[in-house]
Amino acid sequence: CALPIFPFMWPTPDGYPDVAEAWVNNQLPRWNYATDLVHDRLEGVGFEPETLVELAKSNQPADILGLFYTLLLGAVPQSEQRQLLLNYVASGNGRGEHIKRLREAVGLIIAGPEFQLI
């Protein structure tokens, strides 16, 4: 009798590997998925940051980015990556540029290491 194959089980009898080389090929598809998601390139899925921005009840980039961190990670990390994303979003000129940069920042949050841990 053959054992059933489960899509997320490691096929060898020694369990999941604990070296980076075994996992590195999984990252690129995740990054591409995050990019496609925030730029509305996935069929049947839409991302409207403008609607969610209203929940922040603030026009300050730190508050808006904090909202997305809270929605995606459950908390706002005090990290260098957060500060870099905040600087990037805040440096946009005009609402359209801010929304574009916010989309990109959310994609980077989803592709980032903190999101991979949840």
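Could you please tell me which pairs satisfy a Cβ distance under 6 Å, a separation of 6+ or placement on different chains, a first residue in region 21-36 that is in a helix (DSSP H, G or I), and a second residue that is among the hydrophobic types (A, V, I, L, M, F, W, C)?
W31/A111; A34/I110; A34/A111; D36/L42
Return yes when S58 is hydroxyl-bearing (S, T, Y) and open to solvent by less than 40 Å² (accessible area, probe 1.4 Å) and no when it is not.
Values: hydroxyl-bearing (S, T, Y): yes; open to solvent by less than 40 Å² (accessible area, probe 1.4 Å): yes.
It is true that S58 is hydroxyl-bearing (S, T, Y) and open to solvent by less than 40 Å² (accessible area, probe 1.4 Å).
Could you list, in sequence order, the residues of region 65-83 that are touching a helix residue (DSSP H, G or I) at 6+ places or on another chain (Cβ under 9 Å) and open to solvent by 20 Å² or more (accessible area, probe 1.4 Å)?
Initially, region 65-83 is screened for residues touching a helix residue (DSSP H, G or I) at 6+ places or on another chain (Cβ under 9 Å), giving 65-69, 71-73, 75-77, 79, 81-82.
L67, L71, L72, L73, A75, V76, P77, S79, Q81, R82 - these are the residues of region 65-83 that are touching a helix residue (DSSP H, G or I) at 6+ places or on another chain (Cβ under 9 Å) and open to solvent by 20 Å² or more (accessible area, probe 1.4 Å).
The values are calculated or read from the model by the stated rules, or taken from the named source; none is laboratory data. The model shown is predicted, which means the values in this text are computed figures rather than measured ones. Cβ atoms come from the backbone with ideal geometry, glycine included; neighbour counts cover every protein chain shown. For the accessible areas, the whole protein counts, side chains as well, though only heavy atoms, and no ligand, DNA or RNA atoms are used. Shrake-Rupley method; radii C 1.70, N 1.55, O 1.52, S 1.80 Å.
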